[in-house]
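Below is one structure; the comments refer to it alone.
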Amino acid sequence: MDLLQELLFLVFQVDGKLDTTAMLRLADNKAAGIEGITCSYNPDDEDYRDGYVTIDYWLGIEDETQYIEKEKFYNALSKLCDKHLEINPEDGEKIRKYLYKIKNDLKI
């Protein structure tokens, strides 16, 4: 598992299952996260960079920031959602709606 996959797992998984509430927050607010890690593409975010999704996480006392190209981020998030939908097809409409909004907001 590469760093991006690990970070997405931390932001969007709860008890080994996709956190659809985190997906909703990302789609609605352009930001989502839990204590210790956040993901954002909101222009109002202080770490915002055009064309990138920012993932901030805290390791002990030091903050880390990763800038992920928006297409790479979206593709990795889509794969995570696809895996979830293989097991939970009933979430399909909701997840596709969130992904559509995120893709439009990222302008890809």
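Which longest run of the chain has no exposed loop site in it, a site being GluC sites (Glu not before Pro) in a DSSP loop with at most 12 other beta carbons within 10 Å, and the site itself not part of the run? It runs 47-108. Result for the chain in a Gaussian network model with C-alpha springs under 10 Å: among Lys30, Lys70, Lys17, the largest mean-square fluctuation is at Lys17. At full extension, Tyr100 and Lys79 could sit 6.2 nm farther apart than now, given 0.36 nm per residue minus the alpha carbon distance. Recomputing Cα extents along the principal axes in Å from the coordinates shown identifies the correct label among (1) 39, 30, 22; (2) 52, 33, 22; (3) 36, 34, 26 as (1). Taking the Cα centre of the chain as origin and assigning +1 to Lys and Arg Cβ atoms and -1 to Asp and Glu Cβ atoms, the resulting dipole is close to 620 debye. Based on Cα contacts under 8 Å between residues 6+ apart, the chain shows a relative contact order of 22 percent.
Annotation: extensible slack from Glu6 through Ile61 equals 17.8 nm (criterion: 0.36 nm per residue apart, minus Cα-Cα distance).
Every read-out reported here was derived from the displayed coordinates using simple, explicitly stated rules and does not represent laboratory data. Computed from a prediction, not measured in an experiment: that's the story for all the values here. Ideal geometry is used to build each Cβ from the backbone, glycine not excepted, and the neighbour counts take in all protein chains shown.
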